[in-house]
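Only one structure is covered here, and it is reproduced in the block below.
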Amino acid sequence: MDGYDTIEGPNGRIAFVRHAGDGPVVVFLGGLRSDMTGTKATFLDGWCRARGRAFLRFDYTGHGASAGRFEDGTIGAWSADALAVLDRLTEGKVVLVGSSMGGWVMLNAALARPERVAALVGIAAAPDFTEDLLWERWDEGTRAALLADGVVTEPNPYDPAGYRYTRALIEDGRRHLRLRGPIPLACPARLLHGGRDEAVPWQTSLRLADRLAAADVQVTLVKDGDHRLSRTADLSLLGRTLGALLGEDGG
């Protein structure tokens, strides 16, 4: 893509787009295999520009315009990318908006910098997906193949070539599991989830809400929504949700 800048992060070059404005800075954290040109990322960019609000979107290493191979990435590595972006490209308070896997990265970043985080917005947030949605679903043959070969490929509706999951991704994910105990974050959180999400069960957002220490946590179920929540009505809900957190009309 054109029109992005880069910084050298802990795992290689990270591509980003940002614009200045009033704080807190809205930071979008994308999902697995997505990039900062996606529908939700660009919608939030436009939403913030229209309101004079500071905004930042970026690509994890191995994604989009950033350096590296997807297969070399892990939850820990992508969380380190996010922290590098927060530390070097933002000042003051931030609102983290995490989509799918980005909802897991969002939690890791917030736990590492709790004093910086004004609020969280999860969109089909998928903490612990490597354990709960992959490893626990795989049969013994698939698990054995992963351990022996270091990688397995699964069909995926978002990519005709399928998704390649590595042993490193699974093993590193176990070091970042968040739904096994309390999550000591006190900031407000809003969790949006589609009732027809076939990738991440909507019950995951309820589990997350229960684990968060904050009292101000709301879960919104979009009964006919899918995993992406990228329809016009879904984006309008996202804008209203963010606007309410920021004390203004979401539009």
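Each reported figure results from applying straightforward, stated rules to the coordinates on display, with no laboratory input. From a predicted model like this one, the values you see are computed outputs, not experimental measurements. No Cβ is skipped: glycine too gets one built from the backbone with ideal geometry, and neighbour counts run over all protein chains shown.
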Handout entry: Inter-centroid distance (Cα atoms) of the stretch 138-171 relative to the stretch 16-63, Å
Key = 30
Handout entry: Estimated Rh, the stretch 134-251: Kirkwood, alpha-carbon pairs, angstrom
Key = 16.8
Exercise for the section: With only alpha-carbon atoms counted, please give the Rg and Dmax of the chain, in Å. Expected result: 17.1, 54
Practice task
Rounded to the nearest 0.05, what FRET efficiency do Glu8 and Asp224 give with R0 = 35 Å and r taken as the Cβ-Cβ distance? Could you check?
Solution key: 0.20
Fill in the blank from the handout: Here the convex hull volume per residue of the stretch 82-132, taken over Cα atoms and given in Å³, is 67
Exercise for the section: Per residue of the stretch 73-78, in order, report the coupling 6.51 cos²θ - 1.76 cosθ + 1.60 (Karplus, θ = phi - 60°) as ³J(HN,Hα) in whole Hz, putting x for Gly and Pro. Expected result: x, 9, 4, x, 5, 5
Problem - Charged-residue dipole, Cβ positions (Lys, Arg, Asp, Glu), the stretch 138-251 about Cα centre, Debye nearest 20 - result: 300
Handout entry: Amide H within-cut-off set for Arg53, under 5 Å, with H built and near neighbours excluded
Key = Asp22
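Divide by every residue of the chain the summed helix terms, -39500 (n - 2.57) for each DSSP H run of at least 4, and state the resulting mean residue ellipticity at 222 nm, rounded to the nearest 500 deg cm²/dmol. Let's see the in-between values first.
Details: 7 runs with 79 residues, N = 251.
Helix contribution divided over all residues of the chain: -9500 deg cm²/dmol.
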Fill in the blank from the handout: Compactness check, the stretch 4-68: C-alpha Rg relative to the 2.2 N^0.38 Å globular estimate gives 1.09
Exercise for the section: Could you tell me what fraction of 2.2 N^0.38 Å the Cα radius of gyration of the stretch 42-96 comes to, as a two-decimal ratio? Expected result: 1.28
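Give me the Kirkwood hydrodynamic radius of the stretch 121-200, using the inverse of the mean 1/r over all pairs of distinct Cα atoms, in Å to one decimal. Walk me through the intermediate numbers first.
On the way: mean 1/r = 0.0691 Å⁻¹.
Answer for the stretch 121-200: a Kirkwood hydrodynamic radius of 14.5 Å.
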